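Derivation of every value follows stated rules applied to the coordinates shown; laboratory data play no part. Quick caveat: nothing in here was measured; it's all calculated off a predicted structure. Cβ atoms come from the backbone with ideal geometry, glycine included; neighbour counts cover every protein chain shown.
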Amino acid sequence: MDGTAWPSTYEAEYAASLEDPQGYWMAQSRVLDWVRPPQAGFVLRPDGQAGWFPGGMLNLCANALDRHVAAGRGEQAALIWESPACGASDMFTYAALLARVAGFAGGLRAAGVEPGDRVVICLPPIPECFVAMLACARLGAVHVVVFAGFAPAELARRIEDVDPKLVITASATYRAGRATPLLPGVREATQRKLVVVQRPGAPALLGPAESDFATLEYAEPIVPVPMPATAPLYILHTSGTTGRPKGVVRDTGGHGVVLAQSMRTVYGLGAGEVFFTTADPGWVVGHSYGLYAPLLAGCATVLAEGAVGRAVWDICARHRVAVLFTSPSVLRALRLAKAAPPPLPPLRRIFLAGERADAGDSAWAAHATGVKVLDHWWQTETGSAMAGSFAGLGDYAAPGSSLRPAPGYELCALDVQGQELPPGHAGEIAVRLPLPPGCLTGMWGATPTCFSYSGYYRSFDYGVIAPDGGVSILSRTDDVLNIAGRRLGAGEIEAAIADHPGVMACAVIAAPHRLRGEEPVGFVVPHPEAGAKLQPEIIALVRERLGAFVGLRRIVLVEELPRTKSGKIIRQALSVQVVFD
Ligand code: AMP
């Protein structure tokens, strides 16, 4: 069977993925070009995890670029860049993008980067970010993209975690037409070799250990390096409960296969169509559906710098976008701004993920655009949807109704003892092992079994599975906040607050926020000698340590924090004290 010509319904495809996972995933793998085809879909490891596509060798950059050029798509648009932030735009054909990527990969190699080396990329959403990611994939180096909105200390933690050969950054970021220097913060975060994109209108004077991105691009282009399917393609840090960012490791073959499969099944998109995801490349959606999946499928991808408000609709109209992938926060902002779209004839679907979708916002967008607004549920760890609505398989879950598990995902709800609950009972949603391809293969620097739990992968999301198999996600079960679709551990914010000398003890909880879904609220027991400006100082400290995107605005001073006998803070008791906006 060929994965491209799978004549299927959702039910048939889902059943095939569970009844014959080897056959199903081998068939899906054939949509990619392999230097050496895999011997099997997967091998089971003793811990219940699968190693995907053993024996297979491929290069994901070659699959994203070279093979489309070889197939005659060289002059088709591959990357469209729009920057409402600095008033610029650009377009790269597959041939042009390939030339830039092959050159920059040559430049990286000349700078000493070898297959398996890590390269940190801390760039705003500009074409060079995708060029750098694809160049790493071409070379077999492991990219580690860090959101450019993080403060230097957070960038430093991620850099130290992965020990990169070099760090790629830019002279500045743009917001609302104004340039903010980025390089000084990166220099503060690390002493490592830097490669710097000079932003128009905001160049930086480079030091001796710093090279210009454009100079590296003029190196001798290189051909793609064949990599084992199991080789890491990238590391992406996300938040957990420990107060330390965890580096999710993604493999090459499994990830490529599931992304190509999802373009057909989830999004129903084919070569030549335009896919626009509003997510920053620093988050998982930007990796999977900003960059790799659209290019693997031969689509054009739209990358926007600072696309907020009406710009989303303008971009959809101008570039004839067929599928828009955005977050509920973006829809909410558009709805509140009463930003009605112009006619968008080629638009077929809007997909939402990252946080709980509000039925009113989805209905507003569906009415305003005349297209279906579909929810899907996923995490950094999985890299693609665990459950959703399958536009390519004729299955559409109405907004607010439950989602269908994605092929390969056997979902169940667990009680607090880790026992499976019967359908209709709310519990922690878990995935029976083995996880399907494309999910994390481990955490950087940790044991591979750290994320599994007696035969299950734990999502830490609380929800219900209906008797018909439909899934509804309700909330998190751990202390992780979801701020405008971005995960942030309460512990990370608490660690920053606790560094203020005027703080004796602190706890952070989530409060609902009209626009961003959730916002952090800090509870602080002040030191008797703390100054009168403690609250604004803490807010400024968190901004400096973690970045402005955290949006901490409220610190409540308390005499003590409610604790269990063993000293653990009782967060539920804190939440009732918050007066919501
Ligand atoms: P991240 O790893 O940053 O993408 O965040 C993943 C988390 O976002 C999940 O564990 C959920 O808590 C939340 N999330 C993602 N998609 C949805 C969705 N469709 N509905 C509700 N929550 C979601």
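Let me check the size of region 152-277 from its C-alpha atoms; what are the radius of gyration and Dmax in Å?
18.3, 50
Hey, which of these cross-link pairs are over 25 Å Cα-Cα: LYS338/LYS372; LYS246/LYS372; LYS533/LYS568?
Values: LYS338/LYS372 19 Å; LYS246/LYS372 35 Å; LYS533/LYS568 28 Å.
Check vs 25 Å cut-off fails for LYS246/LYS372; LYS533/LYS568.
For VAL195, list long-range residues whose amide hydrogen, built 1.01 Å from N in the peptide plane, is under 5 Å from its own amide hydrogen.
It is VAL167, ILE168, THR169, SER211, by chain and number.
Name the GluC sites (Glu not before Pro) in region 433-529 that are in a loop by DSSP and that have at most 13 other C-beta atoms within 10 Å, would you? Kindly include the intermediate steps, with their values, before the conclusion.
Working: sites: GLU492, GLU494, GLU518, GLU529; in loops: GLU529.
Within region 433-529, the qualifying GluC sites (Glu not before Pro) (loop, at most 13 other Cβ atoms within 10 Å) are GLU529.
Per residue, what volume in Å³ does the convex hull of the Cα atoms of region 480-580 enclose?
Measuring per residue, one finds 98 Å³ for the Cα hull of region 480-580.
Length gain on complete extension for the stretch LEU515 to LEU474, per 0.36 nm per residue less the alpha carbon to alpha carbon distance?
Values: separation 41, 0.36 × 41 = 14.76 nm, distance 1.83 nm.
Using 0.36 nm per residue and subtracting the Cα-Cα distance, I get 12.9 nm.
Contact order normalised by length for the chain, with contacts defined as Cα pairs under 8 Å and 6 or more residues apart; what percent is it? Mind showing how you got there, number by number?
Numbers: 1330 pairs, mean separation 73.6, N = 581.
RCO, the chain: 13 percent.
With the calculation restricted to Cα positions, what are the radius of gyration and Dmax of region 156-204 in angstrom?
Both quantities, over Cα of region 156-204: 11.7, 34 Å.
Loop only by DSSP, 14 or fewer other Cβ within 10 Å of the Cβ. Give me the chymotrypsin sites (Phe, Trp or Tyr not before Pro) in region 160-257 that pass, ordered by residue number. Please report the intermediate quantities before stating the final value.
Values: sites: TYR174, PHE213, TYR218, TYR234; in loops: TYR218.
Of the chymotrypsin sites (Phe, Trp or Tyr not before Pro), the ones in loops of region 160-257 whose Cβ has at most 14 other Cβ atoms within 10 Å are TYR218.
Work the Kirkwood hydrodynamic radius out for region 372-507: mean of 1/r over every pair of different alpha-carbon atoms, inverted, in Å.
Values: mean 1/r = 0.0604 Å⁻¹.
Answer for region 372-507: a Kirkwood hydrodynamic radius of 16.5 Å.
Tell me, how many Å apart are the Cα centres for region 112-146 and for region 539-557?
30 Å
What does the convex hull of the Cα atoms come to per residue for region 58-457, in Å³? Don't skip to the end; give the middle numbers.
On the way: hull volume 54.4 nm³, N = 400.
Expressed per residue, the convex hull around the Cα atoms of region 58-457 is 136 Å³.
Work out from phi, with θ = phi - 60° and the Karplus expression 6.51 cos²θ - 1.76 cosθ + 1.60, the ³J(HN,Hα) of each residue of region 161-176, listed in order in whole Hz, and give x for Gly and Pro.
Per residue, the Karplus-derived 3J(HN,Hα) values read 4, 10, 6, x, 5, 8, 10, 9, 8, 10, 5, 7, 10, 10, 8, 6 Hz.
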